[in-house]
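Take a look at the structure set out below.
The values are calculated or read from the model by the stated rules, or taken from the named source; none is laboratory data. As the structure is a prediction and not an experimental result, all values here were calculated from the model. Using ideal geometry, Cβ is built from the backbone for each residue, glycine included, and neighbour counts are taken over all protein chains shown. Side chains included, ligands, DNA and RNA excluded: accessible areas come from the protein's heavy atoms. Shrake-Rupley method; radii C 1.70, N 1.55, O 1.52, S 1.80 Å.
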Amino acid sequence: MLIRKSIILFIVSLFWSRYFSYSQSVYVNTPNGIFELNGGAGNCSFIPLTNPCGPEINILNMALFKDTLYYTLSTGELKRFKLGTPGSCELLTQVPGSNSMTVDKNGILYLAGGNRLSKYNPYTNQITLLDTMPCQSSGDLTFYRDKLLLAGRNPNSPVSGIFEININNPPASTNYMNTDNFSFFGLISFPRSCNKSRFFGLASKGSNTEMVELDLENKTVSGVICTLPMEIYDAASNTENGNDDNVLITNLNIYPPCIPMTTGGVEISSFYPSPGDIIYKLDNTVSNTSGSFSDISVGTHTITAIAPSGRCSSDTTFTIPPPAALVKTVDARQSHCNLDNGWIKINLNAYPANAYSSINNGPFTHTLQYSNLSPGNYYVQVKNGPNCYFDTSISIQNINDVKPNIRIQTKDQVCFANNGSIHLDLTGNDSPYFYQLNNGDFISNNEFADLSPATYKINIKNNFDCQWDTFAVIAPYTLSPVSVNIEHTDPTCRGISNGTIKVNINGSQPPYYFLINYHSYNNGQAITGFTEGNYSIEIRNGDQCIVDSMTQSLKMNFEPACNDVYIPNAFTPNNDGKNDLFRPVYSYFIKNITMRIYNRFGQKLYEGSGDKISWNGVYKNILQPTDIYVYTLTYTDYYGKPKLLKGTVALIR
């Protein structure tokens, strides 16, 4: 058995009972099918309704828009049918789980399940989840004075109520009114005059349903009016969209007179929730049910839209302006280069905005520009309303555009990279020009870069899509060989870094230069300051392309003197920049050297090892006096033998 809903809201229409019979449409679904409430305000009488979709016992939600009844099943199917029309049943889609549904004035459905609000557009068959609400749905949705109301409850409270749902921001929805001790599963409204209705809530009582009168304007509960001997799951009404039995004017099209005509026309459409034809009355004289009027004189007029019952009506005014030319100008562009690229453009006067046009006796549409036209004669018609016409003939000629003067500049490949380029300069009368390389996209840039060697097809088109082709060649790079002569001198143990390298290059792509360990030098330049080692040499030509590469090795030359260590016998640490340090002099081949300094009392004043040992005559930040000091020097010589030297040195201040 279906779970009973807590609150269901629906609206019905009631015509003025003193002079007219009731015309509301209110339907409820029960475990035994769909029924129509036919007793009017405060009356609980009902009759069964035949469902064109067949007997349904699991209907959850219902909504009524004009003569179309929508409903959902517990399995999620959304269906609809037209009242009184056999065979009109349609299965629309699957909808999210919901227990509340209603429809707005535009025919858009709103559904709620739990705290989620969704909408369904029957024109596009699209479902949209809007957001979550701060309340739980327990019955039905409906519109009241453009407010979306939900029968629901606060999840933090067991008390039911009616909530005002913010469609644009559902989390901001608020409580609309409390319902005392009644727990409603539906709301119904019975119009008693235009824009005035009596409202009732439906409350469950065992297997019956009580109808309780409500004052939604003052948000109060009046009391029980009558009892329905049935369980109701949901309801639908032809006024649940909030229209409240009022005639709603939805559209007004004015057709001003065209010269030489002196009268215009108007078309009006409107909406009324109950069945029957709306009557339209022009200036309280001429009337019809189509809403279309012609032969209206220049000036201000009034149209009244009257409900089928004659009880409710709405007025609107409009103005027929003085006669004017419908069309201001008709512009045309000729076809170019035998292409279908001509066009005709119709320019209307400022009024009206809804004219129709036709070309070569084709159908009338809202189109005011016709493109992709081939050369030929065209018959153009424009109309606005039944008595406003314009026609003319336009000839589209072919124009063979003159080919522009094309100047091409290319840059060939350099150093085997994809660095070629094509630059085009065009002189002509039909700019702007567009450029295409090898059947790619047309672009406005007239330069193509980063190209590899090849022959390129170039298409050029002007502003009228006329095209011309040409080509350009990017030549591959040719590298000429070179002859290289390297002169060098090896470093010596006495100079250590006094080696030299000189590179002489001859070839047909000067100026040449070379790099040694990534440092650049001019051709034929002698470079000094090299010690023992291997040096990478790279040869480049005038295009900065690598032509050749090689390695030059330098080896330290040994001489007998390179195995000696020279030790001075005196130094003068007076900070004059001359002989301020005591240090041994030795060659590249002397290794593992350690020096120690002692005073005459055997106290060690200094000890140092490595390549840069020296003593400045200071011990613990104290300048040592003029005196004779003892040194020892240990090292490994060229042959790998350990050596020890001892001696004295004079410190002079």
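Some points to look at:
- Pick from the stretch 467-479, criterion outside any strand (DSSP E or B) and not aromatic (Phe, Trp, Tyr), ranking: nearest to Val402 (Cα to Cα): Ala475
- When residues of the stretch 207-264 are limited to those that are among the small types (Gly, Ala, Ser) and either at positive phi or crowded, with 22+ Cβ neighbours inside 10 Å (or both), the one farthest from the chain's Cα centre (by Cα): Gly223
- Condition broken by Gly647, with the remaining ones in (1) open to solvent by 30 Å² or more (accessible area, probe 1.4 Å); (2) outside any loop (DSSP other than H, G, I, E, B); (3) touching a residue at least 60 places away in the same chain (Cβ under 8 Å) satisfied: (1)
- Hits in the stretch 310-339 - residues which are part of a loop (DSSP other than H, G, I, E, B) and either touching a helix residue (DSSP H, G or I) at 6+ places or on another chain (Cβ under 6 Å) or closer than 23 Å to Asn243 by Cβ (or both): Gly310, Arg311, Cys312
- The strands (runs of 3 or more DSSP E) found entirely in the stretch 409-453 that carry 3 or more residues being open to solvent by 50 Å² or more (accessible area, probe 1.4 Å) and free of Cβ contacts under 8 Å to residues at least 60 places away in the same chain are 447-451.
- All positions within the stretch 281-307 that are in contact with a Pro (Cβ under 7 Å, 6 or more places away or on another chain) and either in a strand (DSSP E or B) or not aliphatic (A, V, I, L, M) (or both): Ser294
- For the stretch 65-102, the tally of residues that are closer than 16 Å to Gly33 by Cβ, part of a strand (DSSP E or B) and not hydroxyl-bearing (Ser, Thr, Tyr) stands at 4.
- Take the conditions (1) surrounded by 13 or more Cβ atoms within 10 Å (Cβ to Cβ); (2) more than 16 Å from Tyr638 (Cβ to Cβ); (3) among the polar types (S, T, N, Q); (4) in contact with a Pro (Cβ under 9 Å, 6 or more places away or on another chain); Gln552 misses just one of them, which is (4).
- Condition broken by Thr632, with the remaining ones in (1) surrounded by 15 or more Cβ atoms within 10 Å (Cβ to Cβ); (2) within 30 Å of Gly533 (Cα to Cα); (3) at pLDDT 95 or above; (4) of a type in the set (S, T, N, Q) satisfied: (2)
- In the stretch 109-133, the residues that are among the hydrophobic types (A, V, I, L, M, F, W, C), open to solvent by 20 Å² or more (accessible area, probe 1.4 Å) and touching a helix residue (DSSP H, G or I) at 6+ places or on another chain (Cβ under 9 Å): Leu130
- If you go through the stretch 555-584 and keep only what is outside any loop (DSSP other than H, G, I, E, B), open to solvent by 50 Å² or more (accessible area, probe 1.4 Å) and of a type in the set (S, T, N, Q), you end up with just Asn557.
- Members of the stretch 104-118 found to be farther than 17 Å from Gly152 by Cβ, touching a strand residue (DSSP E or B) at 6+ places or on another chain (Cβ under 8 Å) and without any contact (Cβ under 8 Å) to a residue 40 or more places away in the chain, listed by number: Ile108
- Qualifying residue in the stretch 305-328 (condition: under 38 Å from the mean Cα position of the chain (by Cα), in contact (Cβ under 8 Å) with a residue 60 or more places away in the chain and over 30 Å from Trp468 (Cβ atoms)): no
- Residue match in the stretch 492-509 (condition: open to solvent by 70 Å² or more (accessible area, probe 1.4 Å), hydroxyl-bearing (Ser, Thr, Tyr) and more than 22 Å from Met556 (Cβ to Cβ)): yes
- Contacts under 6 angstrom Cβ, first residue in the stretch 547-558 being more than 27 Å from Gln509 (Cα to Cα), partner surrounded by 16 or more Cβ atoms within 10 Å (Cβ to Cβ) and among the polar types (S, T, N, Q), 6 or more apart: Asn557/Thr492
- Within the stretch 621-641, the residues that satisfy the criterion of being without any contact (Cβ under 8 Å) to a residue 24 or more places away in the chain and at negative phi are Ile622, Lys641.
- Residue in the stretch 378-392 that is surrounded by the most Cβ atoms within 10 Å (Cβ to Cβ), counting only those that are more than 44 Å from the chain's Cα centre (by Cα) and in a loop (DSSP other than H, G, I, E, B): Cys388
- Restricting the stretch 611-626 to residues that are surrounded by 14 or more Cβ atoms within 10 Å (Cβ to Cβ) and in a strand (DSSP E or B), the residue that is farthest from the chain's Cα centre (by Cα): Tyr619
- A count restricted to the stretch 165-184 and to residues that are open to solvent by less than 60 Å² (accessible area, probe 1.4 Å), at pLDDT 85 or above and not in a loop (DSSP other than H, G, I, E, B) stands at 5.
- Among residues of the stretch 393-408 being polar (S, T, N, Q) and within 30 Å of Met261 (Cβ to Cβ), the one that is surrounded by the most Cβ atoms within 10 Å (Cβ to Cβ) is Ser395.
- One residue stands out among those in the stretch 514-549 that are charged (D, E, K, R) and within 56 Å of the chain's Cα centre (by Cα): the one that is surrounded by the fewest Cβ atoms within 10 Å (Cβ to Cβ), which is Asp543.
- Of everything listed in (1) small (Gly, Ala, Ser); (2) more than 28 Å from Ile474 (Cα to Cα); (3) not in a strand (DSSP E or B), the single unmet condition for Ser395 is (3).
- In the stretch 265-280, residue farthest from Asn349 (Cα to Cα) [restricted to those that are open to solvent by 60 Å² or more (accessible area, probe 1.4 Å) and part of a strand (DSSP E or B)]: Ile279
- Condition check for Phe464: in contact (Cβ under 8 Å) with a residue 40 or more places away in the chain, assigned to a loop (DSSP other than H, G, I, E, B) and within 30 Å of Ser374 (Cβ to Cβ): yes
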